[in-house]
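Below is one structure, written out as structure tokens, with a few remarks after it.
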Amino acid sequence: MDYDYTNFYFGAGDDAFALLEPFADWWGEVKPRGYYQYELPLQSAPSTRVDVKDTKTGEIRKGLINFASYNYLGLSYRDEVKRAIKEAVDIFGGGSSGSPILSGTTRLHDELAEKMAAFKGKEAAMIFPTGYSANVGVIAGLMRSGDLIVADQYAHASIVDGMILSKAKSRFFRHNNAEDLDRKLSRFEGKKLVIVEGVYSMDGDTSTLPELWEVTKKHGARMLIDEAHSTFIFGENGRGVAEHYGLDDEIDMHLGTFSKSLGGQGGFIAGSQALIDYLRGFARSRFFSCALAPTVVAGINAALDLAVAHPELRTKLMENACTMMKLLTDEGVDVGDSNSQVIPIMVRNDARIFDLGEELLREGVFINPVKYPAVGKHKSRFRMSISADHTQEDLEEGAEIIVRVLRRNGIIE
């Protein structure tokens, strides 16, 4: 039987550790066969070329073309960002040493929150330690038992976990399907929240936001849009997919991360002052977490300034994404419905995805294999992240390696 993580979720007996030994036996077999490709330690910055330790062989593989990192605008290693981080170390030291509501907030945190509110065109914003904690904190902080939350079926795990923690009635509508959302919202009286994403992280397609917003408004529901992969990229000012569709002022809550386009760490929620004030007391994932390190916040502040001052970066990013999609599709590679810098390379062969990943790693490409349960069965793929810093040479060489490996293995003709 072909086991995976889901086979070890439940176990019989009274001992909470009963599953550890059979899991360890399975893990010892499958890790060298492919799972080792997760958590490969980088030896360099997450730039367009990286040095990576191959934990199966112990080798350091140098100069791999990097399609695995989120660093969409190439900002994490800019001199301005590194300089801001170094200056913050001299003033604030390493960590924040406190939760945001106690001693963890510095002037840098306040500056970032004010900048994000202004950038998003909202009254206020709140900073979280991660994008994950932002979703969990906002959703569980706002919704209660007896309420209804309806999310897109491809919603991120952090959204799902926030729904579970809220204890609200949770439903999922078919991906980007306004009619199904309408059905899920109908015949429910009470508080309702609809959750969508700007760009979906495994498929790279954007939300059909105008249609979904009309249904949301029709039923008197509130909407949360998670723009983790689209803030600083889409829209005239880079505010995200909501701005792209002219719905910036209509949607109630705008959530995003600093780990993707800005290459840092952390998450945010932007909205009304009343919303932010309420969440200060009820978003437990922020309330009871240590605040982001001031050094990290300093880097984010600098990266945000660069993103605003250099809109050409997002233009170059989308040009690179279009170039890569053409290079791949011209050779018969299936990239799904992506229309963003996140490009799925569809393999649809769960048994072979790790072998293909190993070949790509050996031949010079660092990219993430994805299989069930992260995506549905028989929907295995590689998730490619494009950066504004990728050169034409990077894109052409990377595409050539990917096409060669897929063709050699009969994935494309």
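Per-residue Cβ neighbour counts within 10 Å put THR257, THR206, THR391 in the sequence THR391, THR206, THR257, beginning with the fewest.
Once you've got the GNM for the chain with C-alpha springs shorter than 10 Å, pick whichever of THR57, THR329, THR315 has the biggest mean-square fluctuation. Ranking THR57, THR329, THR315 by mean-square fluctuation puts THR57 first.
Across the options ALA12, TRP27, SER69, the greatest Cα extent toward the positive end of the charge dipole of the range 1-112 (unit charges at beta carbon of Lys, Arg, Asp, Glu) belongs to SER69.
Pick from ALA274, ALA12, ALA124: which is most flexible by mean-square fluctuation in a GNM of the chain where alpha carbon atoms under 10 Å apart are linked? Taking springs between Cα atoms under 10 Å, the residue moving most is ALA12. Specify whether the C-alpha gyration tensor of the range 14-95 places it in the rounded, prolate or oblate class, a ≥ b ≥ c being the square roots of the eigenvalues: rounded for a/c under 1.5, otherwise prolate if a/b is larger than b/c and oblate if not. Oblate.
Of the residues ILE412, PRO311, TRP213, the one whose Cα sits farthest toward the positive end of the charge dipole of the chain, with +1 on the Cβ of Lys and Arg and -1 on the Cβ of Asp and Glu, is TRP213. Note on SER186 and ALA118: with the Förster distance fixed at 45 Å, the Cβ-Cβ geometry gives a FRET efficiency of about 0.75.
Residue by residue, the range 182-198 carries 3J(HN,Hα) couplings of 4, 5, 5, 8, 5, 6, 10, 10, x, 6, 10, 10, 10, 10, 10, 10, x Hz when phi is fed to the Karplus relation 6.51 cos²θ - 1.76 cosθ + 1.60 (θ = phi - 60°); x denotes Gly or Pro. Charge dipole (Cα centre; +1 on Lys/Arg Cβ, -1 on Asp/Glu Cβ; no other charges) of the range 226-331 amounts to roughly 520 debye. Taking the fewest neighbouring Cβ atoms within 10 Å as the starting point, the ordered list for HIS219, HIS229, HIS156, HIS378 is HIS378, HIS219, HIS156, HIS229.
Comparing mean-square fluctuations of LEU304, LEU165, LEU40 from a GNM of the chain with C-alpha springs under 10 Å, the top value falls on LEU40. Using 7 Å Cα-to-Cβ label points, what is the VAL308/GLU59 separation (nm, one decimal)? Result for the modelled spin labels: 4.7 nm. Scanning residues 5 or more positions from ALA68 or on other chains, those with amide H under 5 Å from its amide H are SER385, with H placed 1.01 Å from N in the peptide plane.
Just from its helices, what would the mean residue ellipticity at 222 nm be for the chain, if runs of 4 or more DSSP H residues each count -39500 (n - 2.57) and the sum is divided by every residue, rounded to the nearest 500 deg cm²/dmol?
Taking each H run of at least 4 residues, the total per residue is -12000 deg cm²/dmol.
With the cut-off at 33 Å, report for the range 79-309 the share of all Cα pairs above it, as a whole percent. Kindly include the intermediate steps, with their values, before the conclusion.
Values: 3817 of 26565 pairs.
Of all Cα-Cα pairs in the range 79-309, 14 percent lie more than 33 Å apart.
Extension gain, SER272-THR329: 0.36 nm per intervening residue step, less the Cα-Cα distance, totals 16.2 nm. Charged side chains reduced to their Cβ positions (Lys and Arg at +1, Asp and Glu at -1) give the chain a dipole of some 840 debye around its Cα centre.
Pairs LYS191/LYS218; LYS122/LYS167; LYS31/LYS53: which exceed 18 Å Cα-Cα?
Over 18 Å apart, Cα to Cα: LYS122/LYS167.
Loop-located GluC sites (Glu not before Pro) in the range 1-69 (DSSP state other than H, G, I, E, B) with a sparse environment of at most 16 neighbouring Cβ atoms within 10 Å: GLU39, GLU59.
The simple Förster model, with R0 at 25 Å and r as the Cβ-Cβ distance, assigns ASP2 and ARG362 a FRET efficiency of 0.55. Annotation for LYS218 and GLU397: the two label points, set 7 Å from Cα along the Cα-Cβ direction, are 5.2 nm apart. The DSSP beta bridges internal to the chain are antiparallel in roughly 55% of cases.
Restricting the trypsin sites (Lys or Arg not before Pro) of the range 220-270 to loop positions (DSSP other than H, G, I, E, B) with no more than 13 neighbouring Cβ atoms within 10 Å leaves nothing. Using C-alpha pairs below 8 Å separated by at least 6 residues, the relative contact order for the chain is 21 percent. Less than 5 angstrom separates the built amide H of MET223 from those of VAL194, ASP252, MET253, all sequence-distant by 5 or more or on a different chain. Of the residues PHE119, LEU193, LEU247, the one whose Cα sits farthest toward the positive end of the charge dipole of the chain, with +1 on the Cβ of Lys and Arg and -1 on the Cβ of Asp and Glu, is LEU193. Of the trypsin sites (Lys or Arg not before Pro) found in the range 102-149, the ones in coil according to DSSP and having at most 13 other Cβ atoms within 10 Å of their Cβ are ARG144.
Calculated on the alpha-carbon coordinates, the convex hull of the chain measures out at 164 cubic angstrom per residue. When the P(r) of the range 349-392 is calculated, the portion above 17 Å amounts to 39% of the C-alpha pairs.
Read the figures in this text as sums done on the coordinates, not as results from a lab. All values reported here derive from a predicted model rather than from experimental measurement. FYI the Cβ positions are ideal-geometry reconstructions off the backbone, even for glycines, and counts take in every protein chain you see.
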